[in-house]
Structures are given as C-alpha cells and as structure tokens.
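The values are calculated or read from the model by the stated rules, or taken from the named source; none is laboratory data. Computed from a predicted structure; not experimentally measured. Virtual Cβ from ideal backbone geometry, glycine too; neighbours counted across all protein chains shown. The area values use the complete protein model at the heavy-atom level, side chains included, leaving out ligands, DNA and RNA. Shrake-Rupley method; radii C 1.70, N 1.55, O 1.52, S 1.80 Å.
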Amino acid sequence: MSDNEIDIAVEDPRWEQAVPDLEAFALRAVEAGLAILPDSASGPVEVSVLLADDATVQTLNRTWRNKDKPTNVLSFPAAGGPLQPGMARPLGDVVLAYDTLVRESAEQSKPFEHHFAHLLVHGTLHLLGQDHETGEAEADAMEALEVAALRTLGIPNPYDD
C-alpha cells in the first residue's frame, strides 16, 4: 500500500460500465506509472484523474493548448511550490476522453481496459516530467517506460503490431 493520494473523479458514467472495478483499475495503472520512475516521485505524491467525455477534453484542449479538438489524454503538471510537512507533493491532473478511447481501442483492435491503462500510465509519466514531443530519443525512452509499467499490470506492449 502506497502513501500516494490518487483521486479518481468520474464525470461521464459510461466509464463505470466500461471498466469493471473502475477505481481500483485506475489506481493500479497510475501507481504502475509512478513506480516505473521511483526517483521522480520520491515521497508521497498526489495525482488527480478525471474520466470525462470528448466535449470536456476538447474544451480543456482548446483552453490550455489552443487545439480545438478532443484528444485521448491530457496531463496538467502541478506548479511547484513549498510543501507542508507530511503532505503529499501535488504532481498534477490527468484527464481522459471516453469517446476517443473507445474509438481508438476499436481502431487498434485493443481491449478498452488495456488502452485505458496505457493512457493513464502515459499521462502519469508526463506528470513526472517525461516528454515524447522533444525528440526521438525522448519518445523512445518514454515508450520503453510505458511498456515496462504496463508489463507489471500484465498488459502487452501497446506498440506491437
């Protein structure tokens, strides 16, 4: 049992029907992402996950990234600042779009739960400072971390054809 504080908010009730034991599943995926880079998350951390729909994610994407379209996952790292003794360090927020995940998992012929876990790990790694958009080496490194984290959950490599 970790001391991390992981809050799961379900805005779209379709998530509840799509994933059995939704909260426990999401917690395991976020913890897998945190565990794969233990030095980046030294001490307890706080992560918030919002399970939303495409409209919500599109609004966030437009507001914060100037991209007026939905996307599968958004990560919003928390601003650094002084910590209160004994409090978890806020890492940030991860937001997922149900409609996009359903469509992508069907297009990629992957179980929805596997794609969901992958994007939770992906978003968590972004909160830990990983970035796949800064170059090929960084993208390859982040991909390897994702694959390793997912392996701990019994989920196959999402990048295999």
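Using 0.36 nm per residue and subtracting the Cα-Cα separation, the extra length available between residue 64 and residue 110 on full extension is 13.6 nm. Solvent-accessible surface of the range 1-145, averaged per residue with a 1.4 angstrom probe and all protein chains in place: 52 square angstrom.
With a ≥ b ≥ c taken as the square roots of the eigenvalues of the C-alpha gyration tensor of the range 20-75, please select rounded if a/c is under 1.5 and otherwise prolate if a/b is larger than b/c or oblate if it is not? Oblate. Classification of the chain by its C-alpha gyration tensor yields a rounded form. The axis ratio a/c (a ≥ b ≥ c) stays under 1.5. With the simple spin-label model, which puts each label point 7 Å out from Cα in the Cβ direction, the residue 11 to residue 139 separation comes to 2.8 nm. Looking at the range 1-95, the GluC sites (Glu not before Pro) that sit in a DSSP loop and have at most 15 other Cβ atoms within 10 Å of their own Cβ are 11.
Projecting the alpha carbon convex hull of the range 69-161 along each direction and taking the average yields 7.6 nm². Among residues other than residue 89 with Cβ under 12 Å from its Cβ, the summed charge is -3 (Lys and Arg +1, Asp and Glu -1). Element breakdown for the chain at a 1.4 angstrom probe: carbon and sulfur atoms account for 51% of the accessible area. Largest accessible area first, the residues 21, 131 order themselves as 21, 131 under a 1.4 Å probe with ligands, DNA and RNA left out.
When the chain is fully extended, how far beyond the present Cα-Cα distance does residue 87 get from residue 131, taking 0.36 nm per residue of separation?
On the way: separation 44, 0.36 × 44 = 15.84 nm, distance 2.66 nm.
Length gained between residue 87 and residue 131: 13.2 nm.
Give me the distance between the Cα centres of the range 48-86 and the range 107-161, rounded to whole Å. If we compute the Cα centre of each part, the gap is 18 Å.
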